[in-house]
Amino acid sequence: IIVDEFQDISVDKYKLIKEMIQQKPDTKLFCVGDDWQSIYRFGGSEVGIMTEFEKYFGAAYKTYLDKTFRFNEEICEISSNFIQKNPGQLKKELKTIHTTQDASFEICYTTDRSGNNIILDICKKINNTLIAKNQKGKLYILGRYYHNEPANLSEIKRECPNLKIEFFTIHRSKGLEADYIIINSMVSGAYSFPSEMADDTIFDLVILNKDIFENEKERRVFYVAMTRAKEELFLVSEIGNESKFIREIPAELIERKNFLLIDKKEILKC
(Lines give C-alpha, C1' and ligand atoms only; values in the text may rest on other atoms or scores of the structure.)
Protein backbone atom coordinates (compact mmCIF):
# COMPACT_ATOMS: atom_id res chain seq x y z
CA ILE A 1 0.00 0.00 0.00
CA ILE A 2 1.49 3.34 -1.04
CA VAL A 3 0.21 6.57 0.56
CA ASP A 4 1.32 9.97 -0.74
CA GLU A 5 0.78 13.29 1.10
CA PHE A 6 0.67 11.25 4.29
CA GLN A 7 0.69 14.39 6.48
CA ASP A 8 -2.96 14.92 5.45
CA ILE A 9 -4.22 11.52 6.59
CA SER A 10 -7.54 11.54 8.46
CA VAL A 11 -8.89 9.18 11.11
CA ASP A 12 -11.21 7.52 8.57
CA LYS A 13 -8.36 6.96 6.09
CA TYR A 14 -6.20 5.59 8.90
CA LYS A 15 -8.94 3.09 9.83
CA LEU A 16 -9.28 2.04 6.18
CA ILE A 17 -5.54 1.37 5.90
CA LYS A 18 -5.50 -0.57 9.18
CA GLU A 19 -8.40 -2.71 7.99
CA MET A 20 -6.61 -3.49 4.72
CA ILE A 21 -3.45 -4.50 6.59
CA GLN A 22 -5.36 -6.70 9.02
CA GLN A 23 -6.99 -8.57 6.16
CA LYS A 24 -3.55 -9.43 4.73
CA PRO A 25 -0.94 -9.38 7.51
CA ASP A 26 2.01 -9.61 5.08
CA THR A 27 1.00 -6.28 3.50
CA LYS A 28 3.78 -3.68 3.24
CA LEU A 29 2.87 -0.03 3.93
CA PHE A 30 4.93 2.74 2.31
CA CYS A 31 4.12 6.38 3.17
CA VAL A 32 5.57 9.69 1.97
CA GLY A 33 4.76 13.06 3.52
CA ASP A 34 6.00 16.20 5.22
CA ASP A 35 4.55 16.87 8.66
CA TRP A 36 5.76 20.48 8.43
CA GLN A 37 3.17 21.00 5.68
CA SER A 38 0.09 19.55 7.38
CA ILE A 39 -2.42 22.41 6.96
CA TYR A 40 -5.77 20.73 6.36
CA ARG A 41 -6.91 20.18 9.94
CA PHE A 42 -10.29 21.70 9.03
CA GLY A 43 -10.70 18.83 6.55
CA GLY A 44 -9.95 16.16 9.12
CA SER A 45 -6.20 15.66 8.75
CA GLU A 46 -4.41 14.34 11.85
CA VAL A 47 -0.68 15.08 11.65
CA GLY A 48 -0.12 13.05 14.83
CA ILE A 49 -0.75 9.84 12.87
CA MET A 50 2.42 10.68 10.94
CA THR A 51 4.58 12.08 13.72
CA GLU A 52 3.71 9.09 15.94
CA PHE A 53 3.66 6.51 13.16
CA GLU A 54 4.77 3.56 15.30
CA LYS A 55 1.98 4.20 17.79
CA TYR A 56 -0.61 3.65 15.05
CA PHE A 57 1.09 1.16 12.72
CA GLY A 58 3.82 -0.57 14.74
CA ALA A 59 7.54 -0.85 14.05
CA ALA A 60 8.72 1.02 10.96
CA TYR A 61 11.84 2.07 9.07
CA LYS A 62 12.18 5.81 8.41
CA THR A 63 14.10 7.59 5.68
CA TYR A 64 14.37 11.38 5.89
CA LEU A 65 14.24 13.25 2.60
CA ASP A 66 16.37 16.16 3.80
CA LYS A 67 17.33 17.83 0.52
CA THR A 68 15.16 20.47 -1.17
CA PHE A 69 15.47 21.50 -4.81
CA ARG A 70 13.12 24.51 -4.59
CA PHE A 71 14.50 27.37 -2.49
CA ASN A 72 17.88 28.79 -1.49
CA GLU A 73 19.77 28.48 1.79
CA GLU A 74 18.44 31.71 3.33
CA ILE A 75 14.77 30.84 2.83
CA CYS A 76 15.61 27.31 4.00
CA GLU A 77 17.19 28.59 7.22
CA ILE A 78 14.43 31.06 8.11
CA SER A 79 11.56 28.66 7.39
CA SER A 80 13.20 25.63 9.06
CA ASN A 81 14.09 27.55 12.22
CA PHE A 82 10.54 28.84 12.46
CA ILE A 83 8.62 25.59 12.00
CA GLN A 84 10.82 23.58 14.35
CA LYS A 85 9.72 25.71 17.28
CA ASN A 86 6.63 23.51 17.12
CA PRO A 87 7.65 20.78 19.60
CA GLY A 88 5.35 18.23 17.98
CA GLN A 89 6.98 18.42 14.55
CA LEU A 90 9.60 15.90 13.45
CA LYS A 91 13.12 17.31 13.72
CA LYS A 92 14.91 17.54 10.40
CA GLU A 93 18.02 19.30 9.14
CA LEU A 94 16.90 20.41 5.71
CA LYS A 95 19.58 21.12 3.11
CA THR A 96 19.32 22.90 -0.21
CA ILE A 97 21.31 22.69 -3.42
CA HIS A 98 20.71 26.38 -4.19
CA THR A 99 22.97 29.17 -2.90
CA THR A 100 22.73 32.88 -3.61
CA GLN A 101 24.73 36.02 -2.99
CA ASP A 102 21.68 38.26 -3.34
CA ALA A 103 19.17 39.23 -0.67
CA SER A 104 16.33 36.75 -0.75
CA PHE A 105 14.24 37.84 2.24
CA GLU A 106 12.72 41.22 3.11
CA ILE A 107 10.16 42.51 5.60
CA CYS A 108 8.20 45.36 4.06
CA TYR A 109 6.29 47.71 6.37
CA THR A 110 3.48 50.01 5.28
CA THR A 111 0.97 52.38 6.84
CA ASP A 112 -1.71 50.94 4.53
CA ARG A 113 -3.17 47.75 6.06
CA SER A 114 -4.26 46.50 2.65
CA GLY A 115 -0.67 46.55 1.36
CA ASN A 116 -1.84 47.67 -2.10
CA ASN A 117 0.74 50.41 -2.67
CA ILE A 118 3.78 48.65 -1.31
CA ILE A 119 3.01 45.47 -3.23
CA LEU A 120 2.89 47.52 -6.43
CA ASP A 121 6.29 49.00 -5.53
CA ILE A 122 7.79 45.56 -4.86
CA CYS A 123 6.49 44.17 -8.14
CA LYS A 124 7.75 47.17 -10.11
CA LYS A 125 11.19 46.79 -8.55
CA ILE A 126 11.34 43.11 -9.51
CA ASN A 127 9.92 43.79 -12.98
CA ASN A 128 12.55 46.48 -13.70
CA THR A 129 15.30 44.07 -12.68
CA LEU A 130 13.93 41.42 -15.02
CA ILE A 131 13.67 43.92 -17.89
CA ALA A 132 17.32 44.88 -17.39
CA LYS A 133 18.27 41.20 -17.58
CA ASN A 134 15.88 40.52 -20.48
CA GLN A 135 14.15 37.87 -18.37
CA LYS A 136 10.65 36.98 -17.26
CA GLY A 137 9.51 35.61 -13.91
CA LYS A 138 6.58 34.33 -11.90
CA LEU A 139 5.27 35.98 -8.73
CA TYR A 140 2.52 34.87 -6.38
CA ILE A 141 0.83 37.15 -3.87
CA LEU A 142 -0.39 35.01 -0.98
CA GLY A 143 -2.92 35.86 1.70
CA ARG A 144 -4.31 34.07 4.73
CA TYR A 145 -7.80 35.02 3.52
CA TYR A 146 -9.40 35.79 0.17
CA HIS A 147 -9.88 39.45 1.13
CA ASN A 148 -6.07 39.83 1.31
CA GLU A 149 -6.02 40.02 -2.48
CA PRO A 150 -4.80 43.51 -3.48
CA ALA A 151 -7.63 45.67 -4.79
CA ASN A 152 -5.23 47.01 -7.45
CA LEU A 153 -4.17 43.58 -8.75
CA SER A 154 -5.13 44.47 -12.33
CA GLU A 155 -2.95 47.59 -12.16
CA ILE A 156 -0.07 45.58 -10.70
CA LYS A 157 -0.26 43.09 -13.58
CA ARG A 158 -0.47 45.88 -16.14
CA GLU A 159 2.53 47.75 -14.71
CA CYS A 160 4.71 44.62 -14.59
CA PRO A 161 4.65 42.93 -18.02
CA ASN A 162 7.72 40.78 -17.35
CA LEU A 163 6.06 39.15 -14.34
CA LYS A 164 3.31 36.56 -14.36
CA ILE A 165 1.39 37.58 -11.22
CA GLU A 166 -1.39 35.67 -9.48
CA PHE A 167 -3.08 35.81 -6.08
CA PHE A 168 -3.80 32.72 -3.99
CA THR A 169 -4.82 32.01 -0.46
CA ILE A 170 -2.04 30.11 1.27
CA HIS A 171 -4.09 26.93 1.38
CA ARG A 172 -4.72 27.15 -2.36
CA SER A 173 -1.01 27.70 -3.02
CA LYS A 174 0.12 24.40 -1.50
CA GLY A 175 1.95 22.37 -4.12
CA LEU A 176 2.72 25.47 -6.21
CA GLU A 177 5.93 27.48 -6.47
CA ALA A 178 7.04 30.81 -7.93
CA ASP A 179 10.28 32.74 -8.34
CA TYR A 180 8.97 35.45 -6.01
CA ILE A 181 6.46 35.26 -3.18
CA ILE A 182 4.77 38.17 -1.40
CA ILE A 183 2.85 37.27 1.75
CA ASN A 184 0.34 40.07 2.30
CA SER A 185 -1.22 41.31 5.56
CA MET A 186 1.20 39.83 8.07
CA VAL A 187 -0.64 41.73 10.81
CA SER A 188 -2.23 41.22 14.21
CA GLY A 189 -5.82 41.94 15.24
CA ALA A 190 -9.03 40.90 13.52
CA TYR A 191 -8.51 38.52 10.57
CA SER A 192 -4.84 38.41 11.46
CA PHE A 193 -2.07 36.03 10.52
CA PRO A 194 -1.82 33.88 12.58
CA SER A 195 -5.58 33.64 12.63
CA GLU A 196 -7.06 34.35 16.06
CA MET A 197 -10.41 32.78 15.20
CA ALA A 198 -11.03 29.72 17.39
CA ASP A 199 -12.06 26.39 15.89
CA ASP A 200 -15.64 25.34 16.36
CA THR A 201 -15.92 23.30 19.57
CA ILE A 202 -17.40 20.42 17.56
CA PHE A 203 -13.84 19.66 16.42
CA ASP A 204 -13.05 18.54 19.98
CA LEU A 205 -15.45 15.63 19.47
CA VAL A 206 -13.66 14.18 16.47
CA ILE A 207 -9.93 15.04 16.61
CA LEU A 208 -7.42 12.59 18.03
CA ASN A 209 -4.69 14.97 19.16
CA LYS A 210 -5.27 18.48 20.44
CA ASP A 211 -2.67 21.18 19.84
CA ILE A 212 -0.12 21.53 22.61
CA PHE A 213 1.67 24.61 21.27
CA GLU A 214 0.25 28.07 20.56
CA ASN A 215 -0.71 28.62 16.93
CA GLU A 216 0.56 25.17 15.99
CA LYS A 217 -1.61 24.87 12.86
CA GLU A 218 -1.03 28.47 11.80
CA ARG A 219 2.73 28.03 12.06
CA ARG A 220 2.54 25.23 9.50
CA VAL A 221 0.43 27.48 7.24
CA PHE A 222 3.14 30.17 7.44
CA TYR A 223 5.83 27.60 6.68
CA VAL A 224 3.96 26.50 3.55
CA ALA A 225 3.63 30.13 2.44
CA MET A 226 7.34 30.89 2.91
CA THR A 227 8.49 27.81 1.07
CA ARG A 228 6.56 28.56 -2.12
CA ALA A 229 9.39 31.03 -2.98
CA LYS A 230 12.27 29.85 -5.14
CA GLU A 231 14.33 33.06 -5.18
CA GLU A 232 12.90 35.89 -3.05
CA LEU A 233 10.39 36.18 -0.22
CA PHE A 234 8.67 39.39 0.89
CA LEU A 235 6.57 39.75 4.04
CA VAL A 236 4.19 42.75 4.01
CA SER A 237 3.13 44.12 7.38
CA GLU A 238 1.62 47.24 8.95
CA ILE A 239 3.81 49.55 11.01
CA GLY A 240 3.11 49.06 14.71
CA ASN A 241 0.70 46.19 14.02
CA GLU A 242 2.98 43.44 12.78
CA SER A 243 2.22 39.75 13.10
CA LYS A 244 3.66 37.88 16.08
CA PHE A 245 5.26 35.58 13.51
CA ILE A 246 7.38 38.46 12.20
CA ARG A 247 8.50 39.27 15.74
CA GLU A 248 9.72 35.68 16.07
CA ILE A 249 12.16 35.88 13.19
CA PRO A 250 15.62 36.15 14.80
CA ALA A 251 17.09 39.64 14.65
CA GLU A 252 20.37 38.36 13.26
CA LEU A 253 18.57 37.01 10.21
CA ILE A 254 16.77 40.31 9.58
CA GLU A 255 19.88 42.41 10.19
CA ARG A 256 21.80 40.71 7.42
CA LYS A 257 19.96 43.19 5.21
CA ASN A 258 20.75 46.89 5.40
CA PHE A 259 17.21 48.13 5.05
CA LEU A 260 13.53 47.44 5.37
CA LEU A 261 11.24 48.71 2.64
CA ILE A 262 8.66 51.16 3.98
CA ASP A 263 6.12 52.53 1.51
CA LYS A 264 8.42 53.85 -1.27
CA LYS A 265 11.33 54.63 1.13
CA GLU A 266 14.39 52.68 2.10
CA ILE A 267 15.42 53.39 5.68
CA LEU A 268 18.34 52.15 7.72
CA LYS A 269 17.61 49.35 10.18
CA CYS A 270 18.82 50.54 13.58
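Data for the structure
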read-out	value
Sites residue 54 and residue 77 - FRET efficiency at Förster radius 25 Å, r taken between beta-carbons, to 0.05	0.25
The range 91-141 shape via C-alpha gyration tensor axes, a/c threshold 1.5	oblate
Residue 11 paired with residue 30, simple spin-label distance in nm, labels 7 Å along Cα-to-beta-carbon	3.1
Pair residue 214, residue 155: separation of 7 Å Cα→Cβ label points (nm)	3.7
Portion, in percent, of the accessible area of the chain that falls on carbon or sulfur, probe 1.4 Å	52
Net lengthening on full extension, residue 3/residue 117 (0.36 nm per residue, minus Cα-Cα)	36.6 nm
Kirkwood-based Rg to Rh ratio, the chain, C-alpha trace	1.01
Extension gain (nm, one decimal) between residue 138 and residue 196, 0.36 nm per residue minus Cα-Cα	17.8 nm
Solvent exposure of the chain as accessible area per residue, Å², 1.4 Å probe	54
Across 125/230; 67/217; 124/244; 85/244, pairs whose alpha-carbon gap is larger than 20 Å	67/217; 124/244
Kirkwood Rh, Cα atoms: Rg over Rh of the range 1-145	1.09
For the range 120-182, alpha-carbon Rg relative to the globular expectation (2.2 N^0.38 Å, N residues)	1.09
Extension gain from residue 91 to residue 239, taking 0.36 nm per residue of separation minus the Cα-Cα distance	49.9 nm
Mean Cα-pair separation over length for the chain, i.e. relative contact order, pairs under 8 Å, 6 or more apart, %	23
Label-point separation in nm, residue 131 to residue 99, each point 7 Å along Cα→Cβ	3.4
Counting DSSP beta bridges with both ends in the chain, the antiparallel % (nearest 5)	15
For residue 243, residues with placed amide H under 5 Å, excluding near neighbours	187, 188, 238
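The values are calculated or read from the model by the stated rules, or taken from the named source; none is laboratory data. All figures in this text were calculated on a predicted structure; none of them were measured in a lab. Positions of Cβ are generated from backbone atoms using ideal geometry, with glycine treated the same way; all protein chains shown enter the neighbour counts. Heavy atoms of the whole protein, side chains included, go into the accessibility calculation; ligands, DNA and RNA do not. Shrake-Rupley method; radii C 1.70, N 1.55, O 1.52, S 1.80 Å.
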